[in-house]
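One structure is given below, encoded as structure tokens.
The values are calculated or read from the model by the stated rules, or taken from the named source; none is laboratory data. Bear in mind that the values here come from a model prediction, so they are computed numbers and not experimental data. Positions of Cβ are generated from backbone atoms using ideal geometry, with glycine treated the same way; all protein chains shown enter the neighbour counts. Heads up: the accessible areas ignore ligands, DNA and RNA and are worked out on the full protein's heavy atoms, side chains in. Shrake-Rupley method; radii C 1.70, N 1.55, O 1.52, S 1.80 Å.
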Amino acid sequence: MSNQTNVFIGVLMMILVGHSWYVHYKVKDGIARIMLLWGCGILFAFIGMRTLGYILRDFGVLDIVRHQVWNMYNVWLIYVLVVGQYIIQNKGRS
């Protein structure tokens, strides 16, 4: 898949996740709302960083090796998502 296709899909997914964040911001209450907002925010950051990596690769700022390293560090946002959800769930218990 070309870099332009990945950028297009990334922007489209950021729009969809941004809309989901807005819906959860307006509708949900309590701990579910916090978890969904946290999850959508981190997912948006993950997709945004991935899309930015492809843009930088198109401009020649990143070569293939640096792009792979960029994506490797980008995966850490998924770990942040899991740990954040765990912390939110355990603080919600009383």
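See the values below:
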item	result
Residue list for the range 49-93, restricted to those being among the basic types (Lys, Arg) and farther than 13 Å from ASN3 by Cβ	ARG66, LYS91, ARG93
Complete set of residues in the range 62-94 that are open to solvent by 90 Å² or more (accessible area, probe 1.4 Å) and not aliphatic (A, V, I, L, M)	ARG66, GLN68, TYR73, TRP76, TYR79, TYR86, LYS91, ARG93, SER94
Long-range neighbours under 8 Å by Cβ, at least six apart or interchain, first residue touching a residue at least 40 places away in the same chain (Cβ under 8 Å) within the range 27-49, second of a type in the set (S, T, N, Q) and assigned to a helix (DSSP H, G or I)	ILE31/GLN89; MET35/GLN85; MET35/GLN89; TRP38/GLN85; GLY39/GLN85
Some residue of the range 43-61 being touching a Phe, Trp or Tyr at 6+ places or on another chain (Cβ under 8 Å), open to solvent by 60 Å² or more (accessible area, probe 1.4 Å), at pLDDT below 90 and not hydroxyl-bearing (Ser, Thr, Tyr)	no
